[in-house]
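S.K.: One structure, pasted below without further comment.
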Ligand SMILES: Cc1ncc(COP(=O)(O)O)c(C=O)c1O
């Protein structure tokens, strides 16, 4: 029987099963001590603080809450790149603010500085900067613009700039723990800030219960079931990073032998977590490679399709987004996740790629 190799898969074993079962047995299954412990772990890992992170229901709510914390109002503009998932657009639209879309750079797929500076005006209230597919964005230039930055680290836990974790450079950072992210809580998210008052405000906003004052608050909390899962996953983060790096280094060797290009950071100071390994090539090459892998029971995906580009959702002219248009039609994401090494599936992928 042939085994189909999936494009992505979470790594979950008896550690996670035990951690979740303990919470269920304790009967304290809503937000509690496990969430607190998970928040502390992430806060320390990102910024060496004990209590500068708050766990939330997912990465999209984390973005929405960051915008609220920055005081973004309906007439305000929020800048974001077109080559990213629509969660960013949705969060801005949920507030009734105006999304302003920029192009990205062809090399690292991250927000293009030149495209961005043209879009700044007196209404610009925030910039959302994703570290796309775990490749850190050039944040220092953007910081100099003096506009609050929300670092979108949904895919980037474990990535570093100048040996510091992504997430400490902007005003606020958001994380996602969706099933196929670097570490998972099924669904889930986190907001981190060096400014503790931002975290306190968000913590206040995500729990409506037993309040003496009133303003609209929402229930955007994480449960202890998720918290326990997160703690178990966080304990494996270093191992996950090592395994991903090992896979990526082998892919890099094949790319070198074959003369294939792939997504790269702009310089050595940007250390990526290898959330994805993305091959670049012309559209015909990409289609052929995808079909060949598929015929050999290996799933690969176009990471962001052309129709998903935010400017296309908003029906804006493609002329202003040349790089994103090109990237969406000339990239393929190969399987990269820790269980490929554990289950000995990686050899099969390598052998197939060598035959192509
Ligand atoms: C870059 C980026 N930002 C934000 C999100 C939203 O996270 P979530 O799926 O947890 O809402 C995602 C998730 O898919 C993402 O990839």
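Every read-out reported here was derived from the displayed coordinates using simple, explicitly stated rules and does not represent laboratory data. What you see is a predicted model; the values in this text were computed from it and never measured. Neighbour counts run over all protein chains shown; Cβ positions are idealised from the backbone, glycine included.
S.K.: Using the per-residue mean of other Cβ atoms lying within 10 Å as a proxy for protection, in what order, highest first, do the peptides 310-316, 176-182, 246-252 fall?
M.R.: Packing proxy ranking, top to bottom: 176-182, 246-252, 310-316.
S.K.: Another one. In Å and on Cα atoms, what radius of gyration and Dmax does the chain show?
M.R.: 20.4, 68
S.K.: Same structure again: Residue 9 versus residue 291, label points 7 Å from Cα toward the beta carbon: distance in nm?
M.R.: Roughly 2.7 nm, to one decimal.
S.K.: Among 146, 158, 134, which one moves the most in a GNM of the chain with springs linking Cα atoms closer than 10 Å?
M.R.: In the Gaussian network model the winner is 146.
S.K.: So what's the gap between the Cα centers of region 44-106 and region 285-307, to the nearest angstrom?
M.R.: If we compute the Cα centre of each part, the gap is 30 Å.
S.K.: Ranked highest first by average number of other Cβ atoms within 10 Å, how do 92-104, 57-69, 24-36 line up?
M.R.: 57-69, 92-104, 24-36
S.K.: So if I take the centroid of the Cα atoms in region 226-272 and the same for region 127-172, what is the distance between those two points in Å?
M.R.: The distance from the Cα centre of region 226-272 to that of region 127-172 comes to 18 Å.
S.K.: Calculate, for residue 301 and residue 214, the FRET efficiency according to 1/(1 + (r/R0)^6) with r their C-beta to C-beta distance and R0 45 Å; round to the nearest 0.05.
M.R.: Efficiency, rounded to the nearest 0.05: 0.45.
S.K.: Follow-up question, since we're still on this one. Mind giving me the nanometre distance, one decimal, between the label points for residue 120 and residue 179, set 7 Å out from Cα along Cα→Cβ?
M.R.: 4.1 nm
S.K.: Only counting other Cβ atoms within 10 Å, I'd like 153, 210 sorted with the fewest neighbours first.
M.R.: In increasing order of surrounding Cβ atoms, one gets 210, 153.
S.K.: So, one more: Return the single residue from 128, 336, 117 with maximal mean-square fluctuation; model: Gaussian network over the chain, springs between Cα atoms under 10 Å.
M.R.: 117
S.K.: Ignoring everything except DSSP H segments at least 4 long, calculate the 222 nm mean residue ellipticity for the chain; use -39,500 (n - 2.57) per segment, divide by total residues, nearest 500.
M.R.: -11500 deg cm²/dmol
S.K.: So, one more: Which one, 211, 306, 276, has the greatest fluctuation when you compute a Gaussian network model over the chain with C-alpha springs under 10 angstrom?
M.R.: 211
S.K.: Mind giving me the nanometre distance, one decimal, between the label points for residue 145 and residue 90, set 7 Å out from Cα along Cα→Cβ?
M.R.: 2.5 nm
S.K.: So if each residue of separation counts as 0.36 nm, and I subtract the Cα-Cα distance between residue 347 and residue 162, what length gain in nm does that give?
M.R.: Here the answer is 63.3 nm.
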